[in-house]
Amino acid sequence: VGAAAGRLYIGTEKESGRLKLLNVKRAVGTPSYRGTMEVALFDGGLVLINELSMEEYLYGVLPSEMPSSFGMEALKAQAVCARSYACNQLMANRFRQYGAHVDDSMVSQVYMNYGENEDAIFAVKDTFGKIMTYEGKCITAYYFSCSYGHTSDSADVWGTESGTGYLSGGCQTTEGGRLELKTEKEFESFFYSDRNWYDEQAVWFRWKTIMEAGMEEILYERLKERYTAVPDMVLTKKTEKDGTEHYVSEAIEPLGKLEDIVILERGNSGIVTKLLLVGSNKTYLIQKEYNIRTVLASLTTITLADGSTSSNMPLLPSAYIRISKQENGFLIEGGGYGHGVGMSQYGAKAMAAQGNTFEKILGHFYPGTELTYLYQ
């Protein structure tokens, strides 16, 4: 135990020792931490900072981001992704006000929600220092849980051209390739087709839910929330005296009765990028997949591919959806779980089971990248 510059430093006598924070509860229960723990006063409370090496940090990330049952080559691919992602997080230094580089949640990467295990440690050690680079720079290796059969270009999801050279969408089958799924006809033909999907064993590969009548008040609250966060992404329809229509950013008012939900635009991968909520009082244009998923998040039951159900989700599982009007509301049929950019973890699992190496898996999900070493 030591102290310096308003911080308390706590360590262990031996390198093999671990620190436990008894009031911290995670999925594993009370986690045990490697390295040292710094305790500092911040904004009327305490900030705890775990200081350890990059490789040891990854020992705690891998089990929290991917189950060991996904196979060793998938775990190695995840280790390289997590190391590459963490490298860029360190450079961004988003948490410098706390004296830290990353946090332990999905804002960075989930850390120590589950305890370390031998397979994860082996995967980290066997890929020691390896990162992916594109045009000589370490990539931001985005990943997500499960695709619906095609991944997305980063531009379709986040509206930026940056990084689309390696964050470009592709068909998630043994045949590979890239499809154009921008129209409703193209999307529906692909969505209902029977192919050798990498992700088809995942329960989130296909799912559905009913947005029942009477949810207007919930939609109103979510529209206000997203408008407050991103006022240029939730727009109100205006009709001029001459009949011309346009959309403006202004304070959200009640929809009235929800009359229709219209998909206005899809990205190349089929992901919905613009959605119209048509109400008897107001009509709103929602843009970008995260805002769409937040507004349409179901408070009713979502039925998964295996018949199991999930309820009260803060986000719709994905924006790879089709919507049809029913007598009792709107049927939303979708596929996949997550934003859809980069590596599908269930896809990596399937590729590993088929005998692909982690290098082959990474090359599939991040085309044009090279494996290099972080450390000289």
Next item on the list: Only helical DSSP H runs with n ≥ 4 go in: add -39500 (n - 2.57) per run for the chain, normalise by residue count and round the 222 nm mean residue ellipticity to 500 deg cm²/dmol.
Entry: -7500 deg cm²/dmol
Notebook entry, point to check: For segment 48-93, what value does the Rg/Rh ratio take when both radii are computed over Cα atoms and Rh is the Kirkwood radius, given to two decimals?
Noted result: 1.00
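Can you give me the accessible area per residue for segment 1-160, using a 1.4 Å probe, in Å²?
On the way: 7790 Å² over 160 residues.
Averaged over the residues of segment 1-160, the accessible area is 49 Å².
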Check: What is the packing order of peptides 264-270, 107-113, 307-313, 189-195, taking the mean over residues of other C-beta atoms within 10 Å and listing the highest first?
Finding: 264-270, 107-113, 189-195, 307-313
Checklist line | Three-way shape call for segment 32-173 based on the alpha-carbon gyration tensor, with the a/c threshold at 1.5 | finding: oblate
Margin query: Distances longer than 18 Å among the Cα atoms of segment 156-314: what percent of all pairs is that?
Written below: 67 percent
Item checked: Surface per residue (accessible, 1.4 Å probe) for segment 289-376, Å² -> 42 Å²
Next item on the list: Could you give the DSSP H helices of the chain that reach 15 angstrom or more along their long axis (alpha carbon positions) and whose average Kyte-Doolittle hydropathy is no lower than -0.5?
Entry: 54-65, 72-92
Next item on the list: Quote the Stokes-Einstein diffusion coefficient, in whole µm² s⁻¹, for segment 120-175, based on the Kirkwood radius over alpha carbon pairs, a temperature of 10 °C and a viscosity of 1.306 mPa s.
Entry: 119 µm²/s
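Highest mean first, what order results for 39-51, 340-352, 206-218 on Cβ atoms within 10 Å? Intermediate results must be reported in sequence, preceding the final value.
Details: 39-51: 13.2, 340-352: 26.1, 206-218: 17.4.
Descending mean neighbour count gives 340-352, 206-218, 39-51.
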Next item on the list: Report in % the part of the accessible area of the chain that belongs to carbon and sulfur, leaving out ligands and nucleic acids; probe 1.4 Å.
Entry: 50 percent
Notebook entry, point to check: Which lysines does residue 182 reach when only Cα atoms under 19 Å apart count, and residues fewer than 8 places away in its own chain are ignored?
Noted result: 274, 288
Notebook entry, point to check: According to a simple spin-label model (label point 7 Å from Cα along Cα-to-Cβ), what is the distance in nm between residue 19 and residue 192?
Noted result: 5.8 nm
Check: Using alpha carbon coordinates only, what is the Rg to Rh ratio of segment 66-144, with Rh defined as the Kirkwood radius?
Finding: 0.97
Next item on the list: Tell me the label-point distance for the pair residue 32, residue 201, using the 7 Å Cα-to-Cβ offset, in nm and rounded to one decimal.
Entry: 3.2 nm
Notebook entry, point to check: Mind checking which lysines have their C-alpha under 22 Å from residue 349, skipping anything on the same chain fewer than 8 residues away?
Noted result: 76, 125, 130, 360
Checklist line | Simple spin-label estimate for residue 225 and residue 357 in nanometres, 7 Å along Cα-Cβ | finding: 4.6 nm
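Note down, for segment 320-374, the three equivalent ellipsoid semi-axes (square root of 5 times each alpha carbon gyration tensor eigenvalue), biggest first, whole angstrom.
Details: eigenvalues 253, 34, 10 Å².
The answer is 36, 13, 7 Å, longest axis first.
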Next item on the list: May I ask you to derive the relative contact order of the chain, considering only C-alpha pairs under 8 Å and at least 6 residues apart, and to give it as an integer percent?
Entry: 19 percent
Next item on the list: Using only Cα atoms, figure out Rg for segment 1-112 and give it as a multiple of 2.2 N^0.38 Å.
Entry: 1.12
Notebook entry, point to check: For segment 244-315, what size does the Cα cloud have along each of its three principal axes, sorted from largest down, in whole Å?
Noted result: 47, 31, 19
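Report the full-extension gain for the segment residue 374 to residue 312: residue separation times 0.36 nm, less the Cα-Cα distance, to one decimal in nm.
On the way: separation 62, 0.36 × 62 = 22.32 nm, distance 4.12 nm.
Here the segment from residue 374 to residue 312 would lengthen by 18.2 nm.
How many times 2.2 N^0.38 Å is the alpha carbon radius of gyration of segment 10-74? Intermediate results must be reported in sequence, preceding the final value.
Numbers: Rg = 14.1 Å, N = 65, 2.2 N^0.38 = 10.7 Å.
With N residues counted in segment 10-74, Rg over 2.2 N^0.38 Å equals 1.31.
Starting from segment 299-376, pick out the GluC sites (Glu not before Pro) whose DSSP state is loop and whose Cβ has at most 13 other Cβ atoms within 10 Å. List each step's numbers first, then the result.
Values: sites: 327, 333, 359, 370; in loops: 327.
Of the GluC sites (Glu not before Pro), the ones in loops of segment 299-376 whose Cβ has at most 13 other Cβ atoms within 10 Å are 327.
The values are calculated or read from the model by the stated rules, or taken from the named source; none is laboratory data. Worth saying up front: this structure is predicted, and the values here are computed from it rather than measured. Every residue, glycine among them, receives a Cβ derived from its backbone with ideal geometry; neighbour counts consider all protein chains shown. Keep in mind that these areas ignore ligands, DNA and RNA; they rest on the heavy atoms of the full protein, side chains included. Shrake-Rupley method; radii C 1.70, N 1.55, O 1.52, S 1.80 Å.
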